Amino acid sequence: METTTTAESSSASAPAPVPAPAVAAAAVAAAAAAAAASDGPVRVAVLVGSNRQGRFGPVVAEWLLGRVRERDDLVPDVVDVAEIPLPTTMTPSPSATAALAEVTPKLAAADAFVVLTPEYNHSFPAGLKNLIDWHYAEWRAKPVALVSYGGISGGLRAVEHLRQVFAELHAVTVRDTVSFHGASAAFDERGRPHDPAGPSAAAKVMLDQLVWWARALREAKRARPYGG
């Protein structure tokens, strides 16, 4: 009797086992929640990279934003280099603090970036490089898509230079790009490409890649913070 009583007392104090179906249901619910989070819309910062007077960038940017806004898997936020008065000395100042207070949260909140650049002297503009260099952690372990415009090269030499810069910042540039050769002649007076089919198809491929990378990296960072 004493042995039986002791056994009953021990059993009563132990936590009741969770039924296997309940454990399975909880695991399924957790997996579904994680999948929903990773498959949610991607917050993309669209960087307009030229601040030159008379620039053509806003025309290309409006066309690009039209392609982004057609999708339900992207939520855009525009960052225009021409509207961010960052000093080039890289020295903290009241004006730098004010400019960073506006732009840095946008870059930090983004899951991904689309960088729109012209080509100046076989490379990308100084204003764009300045914006990039004022930041570091905001770019890390995030994907970057590149859109360019220019003369005969379509800005592709600027794109290749940007790939090197973003690699140093631990960002991932997607393979496919959109480029406009002879850009000023490629658009009509309403800002629409004369031949929209080709650029639209290229934009879809590029943005599909950007979304895939953004979701994959977002999910990976939730499971294991990037420490590279």
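The values are calculated or read from the model by the stated rules, or taken from the named source; none is laboratory data. All figures in this text were calculated on a predicted structure; none of them were measured in a lab. Heads up, the Cβs are rebuilt from the backbone with ideal geometry, glycines too, and the neighbour counts pull from every protein chain shown. Surface areas here come from the heavy atoms of the whole protein model, side chains and all, with no ligands, DNA or RNA. Shrake-Rupley method; radii C 1.70, N 1.55, O 1.52, S 1.80 Å.
What the table shows:
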quantity: Residue within the stretch 179-187 that is modelled with pLDDT of 95 or more and more than 30 Å from PRO85 (Cα to Cα) present; calculated: yes
quantity: Check on ALA171, aliphatic (A, V, I, L, M), open to solvent by less than 50 Å² (accessible area, probe 1.4 Å) and within 21 Å of VAL59 (Cα to Cα); calculated: no
quantity: Matching entry among ALA24, ALA37 (being among the hydrophobic types (A, V, I, L, M, F, W, C), modelled with pLDDT under 95, under 17 Å from VAL211 (Cβ atoms) and out of contact with any Gly (no Cβ under 8 Å at 6 or more places or on another chain)); calculated: ALA37
quantity: Residues located in the stretch 170-183, provided they are part of a loop (DSSP other than H, G, I, E, B) and in contact (Cβ under 8 Å) with a residue 40 or more places away in the chain; calculated: HIS170, ALA171
quantity: Residue that is farthest from ALA203 (Cα to Cα) [pool: residues in the stretch 49-83 that are in a helix (DSSP H, G or I) and among the β-branched types (Val, Ile, Thr)]; calculated: VAL81
quantity: Residue, nearest to GLU219 (Cα to Cα), within the stretch 84-125, restricted to residues that are open to solvent by less than 60 Å² (accessible area, probe 1.4 Å), part of a loop (DSSP other than H, G, I, E, B) and in contact (Cβ under 8 Å) with a residue 40 or more places away in the chain; calculated: ASP111
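Table: residues versus (1) touching a Ser or Thr at 6+ places or on another chain (Cβ under 8 Å); (2) more than 28 Å from ASP208 (Cβ to Cβ).
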site	(1), (2)
THR104	no, yes
ALA110	no, no
VAL115	no, no
PRO118	yes, no
PRO125	yes, no
LEU128	yes, no
HIS135	yes, no
LYS142	no, no
LEU146	yes, no
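Per-residue answers, yes or no, for (1) free of Cβ contacts under 8 Å to residues at least 40 places away in the same chain; (2) farther than 18 Å from GLY49 by Cα:
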position: TYR136; (1), (2): yes, no
position: VAL147; (1), (2): no, no
position: ARG192; (1), (2): no, yes
position: ARG224; (1), (2): yes, yes
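So that you can scan it fast, the table gives a plain yes or no per residue for (1) crowded, with 20+ Cβ neighbours inside 10 Å; (2) part of a helix (DSSP H, G or I); (3) in contact with a Phe, Trp or Tyr (Cβ under 9 Å, 6 or more places away or on another chain):
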| position | (1), (2), (3) |
| --- | --- |
| LEU128 | yes, yes, no |
| SER148 | yes, no, yes |
| HIS161 | no, yes, yes |
| GLN164 | no, yes, no |
| ALA185 | no, yes, no |
| ASP195 | no, no, no |
| LEU210 | yes, yes, yes |
| ARG215 | yes, yes, no |
| ARG218 | yes, yes, no |
